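Undergrad: The structure's right below; bear with me while I get my questions together.
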Amino acid sequence: MTQLYENAEDFIAHVPEMTPLMGLDLGTKTIGIAICDAFRTIATPRETIRRKKFGLDAARLEQLIDGNRITGLVLGLPRNMDGSEGPRCQATRAFARNFTQRREIPVLFWDERLSTVAAERALIEADTSRAKRAMVIDHVAAGYILQGALDRMAHLRHG
């Protein structure tokens, strides 16, 4: 059974209602993490983990999944601006395949093209220092990724 989904309609059919989801901004050096409430209305940036080895990164994600009763992941897919997929998309898809072999959990790929730009803009508007922005940008971007998916899911529910 596939656990990797390209659209929100298919994804929400495979995650239990009234359970939190986790958003991930997968970078080459870090993974930004956001988690939403059980009502799936608000995405909250949580933390950024420094990537080490896949097994260690996956173990930390599993701790967060278990500790927060997460039933699905929304994984930012870093498409090129023209919509095509490059090496970073391939790496993201490989991470998702490897993770779902380790842990059965539905994963939604979510177009993240402007999430980091939006996160950076919001942090600048909040007068966040450059040093502080560098520390929080990845999990704030994960929040934008997850919030985008939550908004789409809400639209599908309320049609």
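A short reminder: the numbers here are calculations on the coordinates, not readings from a lab. In this text, all values refer to a predicted model and were calculated from it rather than measured experimentally. Glycine also receives a Cβ, built like all others from the backbone with ideal geometry; neighbour counts cover every protein chain displayed.
Undergrad: If you take every DSSP beta bridge fully contained in the chain, what fraction is antiparallel? Give it as a percent rounded to 5. Let's see the in-between values first.
TA: Details: 12 of 22 bridges.
DSSP beta bridges in the chain are roughly 55 percent antiparallel.
Undergrad: Given a Förster distance of 35 Å, report the FRET efficiency between residue 66 and residue 120 from their Cβ-Cβ distance, rounded to the nearest 0.05. Working shown, then result.
TA: On the way: r = 31 Å, r/R0 = 0.90.
Computed FRET efficiency for residue 66 and residue 120 comes out at 0.65.
Undergrad: Here's another thing I want to ask about it. Using modelled amide H (1.01 Å from N, peptide plane; none on Pro or chain starts), what sits under 5 Å from the amide H of residue 35, excluding residues fewer than 5 places away?
TA: Distant-sequence amide H within range of residue 35: 23, 44, 46.
Undergrad: About the Cα centre, and with charges only on the beta carbon of Lys, Arg (+1) and Asp, Glu (-1), how big is the dipole of the chain? Nearest 20 debye, please. Let's see the in-between values first.
TA: Working: 22 positive and 20 negative charges, 134 e Å.
For this selection, approximately 640 debye.
Undergrad: Let me ask another. Summing -39500 (n - 2.57) over the DSSP H runs of n ≥ 4 in the chain and dividing by its residue number, what mean residue ellipticity at 222 nm do you reach, to the nearest 500 deg cm²/dmol? Walk me through the numbers on the way to the answer.
TA: On the way: 5 runs with 76 residues, N = 159.
After summing the helix terms and dividing by the residues of the chain, the value is -15500 deg cm²/dmol.
Undergrad: With Rg and Dmax of the Cα atoms in Å defined as stated, name the option among (i) 16.9, 53; (ii) 14.7, 46; (iii) 16.6, 51 computed from the structure displayed.
TA: Matching entry in (i) 16.9, 53; (ii) 14.7, 46; (iii) 16.6, 51: (ii).
Undergrad: Per residue of region 70-87, what does 6.51 cos²θ - 1.76 cosθ + 1.60 with θ = phi - 60° give for ³J(HN,Hα)? Whole Hz please, x for Gly and Pro, Karplus curve as stated.
TA: Working through the residues one at a time gives 6, 10, x, 10, 10, 10, x, 10, x, 5, 6, 4, 7, x, 6, 10, x, x Hz.
Undergrad: Right, next: Please state the shape class of region 57-128: rounded when a/c is under 1.5, otherwise prolate if a/b exceeds b/c and oblate if not, all from the C-alpha gyration tensor.
TA: On the way: a/c = 2.66, a/b = 1.30, b/c = 2.04.
Cα axes put region 57-128 in the oblate bin.
Undergrad: Now for a different question. Using a Gaussian network for the chain with springs between C-alpha atoms less than 10 Å apart, which of these wobbles most: 18, 135, 81?
TA: Among 18, 135, 81, the largest GNM mean-square fluctuation belongs to 81.
Undergrad: Skipping prolines and chain starts, which residues have an amide H placed within reach, meaning under 5 Å, of the one on residue 77, given they are 5 or more residues away or on another chain?
TA: Counting only residues 5 or more places away or on other chains, the set is 110, 111, 112.
Undergrad: Run down the aspartates and glutamates and flag those whose C-alpha is under 12 Å from the C-alpha of residue 29, throwing out any fewer than 8 positions away in its chain.
TA: Within the straight-line limit of under 12 Å, residue 29 reaches these aspartates and glutamates: 57, 138.
Undergrad: Further question: What does the charge dipole of region 72-159 about its Cα centre add up to, to the nearest 20 debye, if the Cβ of each Lys and Arg holds +1 and the Cβ of each Asp and Glu holds -1? Write out the running numbers ahead of the final one.
TA: On the way: 13 positive and 10 negative charges, 53 e Å.
Around 260 debye, computed over region 72-159.
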